[in-house]
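Structure, as C-alpha cells:
The values are calculated or read from the model by the stated rules, or taken from the named source; none is laboratory data. This one's a predicted model, so the numbers in the text were calculated from it and none came from an experiment. Cβ: placed from backbone, ideal geometry, glycine included. Neighbour counts: every protein chain shown.
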Amino acid sequence: MDRKAFLYPLAAVLFWAGNNLVGKMSVEVIAPAAIAFYRWALAALVLTPFLLPSIWRARRVIGQNLGRLTLLAALGIVAFQSLAYVAAATTTATNMGLIGALVPLITLLLSLLILKDTPTVGALLGGGLSFVGLAILLGQGQPMQILHAGINIGDAMLLAGATAYALYGVLIKKWVLPLTIWQSLYVQILIGLIWLLPAVLLSPSMAISGQALPLVLYAGIAASLLAPYCWMQGIAKLGASRNANFMNLVPLLTTATAIPLLGEAVHGYHLLGGGLTLGGVMLAQKLKKPIWTRTPEPA
C-alpha cells in the first residue's frame, strides 16, 4: 500500500479541525447566517461548471428523490454547521471538536433504531463510557451540576447539530440514491441555500469584512470541498474502516491548534471528559462483536 495514501484522510481531518477554529474566529466578524450562506454559495459556485451538465441529465431522478434530498440538505448542510456557527458565541473550539467527535457513536446508536442493526459490545460499552465523559465535559468536571444548572446553550446546540449530522449519515445509508456522491452533495447544497434564505433575510447584517473573507474562503473551499474530496480518496485507497480511524484526530487537532491560535485553556475536565468520550467512540468502532446473534428465519 502506498504510504502517501494516509495523507488524504490526514488532510481531511486537518481541514475539518481548522473549520472548528474558523467557526470560533467568525463570531466577532461575521453573522452566523452570513458565513453559513456564503460558505455553501461559494462551494456551489465552484462545483457548478463540473456538475451542472450531469445534474441536468439526472433531473428526472433528482425530481423523484427531491423529498429525500431536501431532508438530507436540512440535516447535513443547514442544521449541522449552522448550529455550530451560532454555538461558537457561547462555547469553545475545543468543545466544538470534542462534541463533534461523538458523531460516529451517535450514528451507530441511531442505526440500531432506524436500520435495525444488531447491537454490538462496542456500542454498549463505548456508549456508556462516552456518556460519562460527556457529562464530565459538559459539567466542567462536576457532572451533577448539569441536573441543577443545565448545560451551556452552545454545547447543547453542538449536541443537536451532531445528532442531526449522525441522522444524516444513517439516512444516506438507508436511502441509496441513484446519484454520484458529488451530484448528491451539489443538489443538497443548492437546496440548503434555499433552506438558509429565511435566516439570511432575518439576519441584521450579511456584510463580509476583510477579516471575514478568509474565513468564508476556508469554510467554502477547504472544509466544504477539499476535505470531502480527500476523505473520499482515503476511503478508496485505504478502505472505510481504516479511514474512519482518522476521524478521532479531529478533536485532538482542534485542541492543539486552538491553544496557540485562540488562546484557549485546556482544563483537567477537558482531558478527563474528552479522553473518556474519545475512548468510548474508539471502543464502539473497534468492538464489533454483536451482543446477540439473530436466529435466521425458517425458509
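Pairing residues of the stretch 236-260 that are touching a residue at least 60 places away in the same chain (Cβ under 8 Å) with residues that are among the polar types (S, T, N, Q) and in a helix (DSSP H, G or I), at Cβ distances under 6 Å and at least 6 apart in sequence or on separate chains, gives Thr254/Asn20; Thr255/Thr94; Ala258/Thr94.
Looking at Gly126, Gly133, Gly122, Gly141, just one residue is more than 30 Å from Ala44 (Cα to Cα), in a loop (DSSP other than H, G, I, E, B) and in contact with a helix residue (DSSP H, G or I) (Cβ under 6 Å, 6 or more places away or on another chain), and that residue is Gly141.
The listed residues are Ala160, Ala164, Ala101, and the only one of them that is crowded, with 24+ Cβ neighbours inside 10 Å and either under 30 Å from Ile291 (Cα atoms) or hydroxyl-bearing (Ser, Thr, Tyr) (or both) turns out to be Ala101.
Table: residues versus (1) among the hydroxyl-bearing types (Ser, Thr, Tyr); (2) under 29 Å from Leu105 (Cβ atoms); (3) at pLDDT 95 or above.
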site	(1), (2), (3)
Lys174	no, yes, no
Val187	no, yes, yes
Leu193	no, no, yes
Leu202	no, no, no
Ala207	no, no, no
Pro214	no, no, yes
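For the stretch 207-264, the candidate set comprises residues that are under 15 Å from the mean Cα position of the chain (by Cα) and of a type in the set (Val, Ile, Thr); within that set, the residue that is surrounded by the fewest Cβ atoms within 10 Å (Cβ to Cβ) is Val250.
Answer yes or no: is there a residue in the stretch 245-265 that is assigned to a helix (DSSP H, G or I) and over 24 Å from Ala162 (Cα atoms). Within the stretch 245-265, one or more residues are assigned to a helix (DSSP H, G or I) and over 24 Å from Ala162 (Cα atoms).
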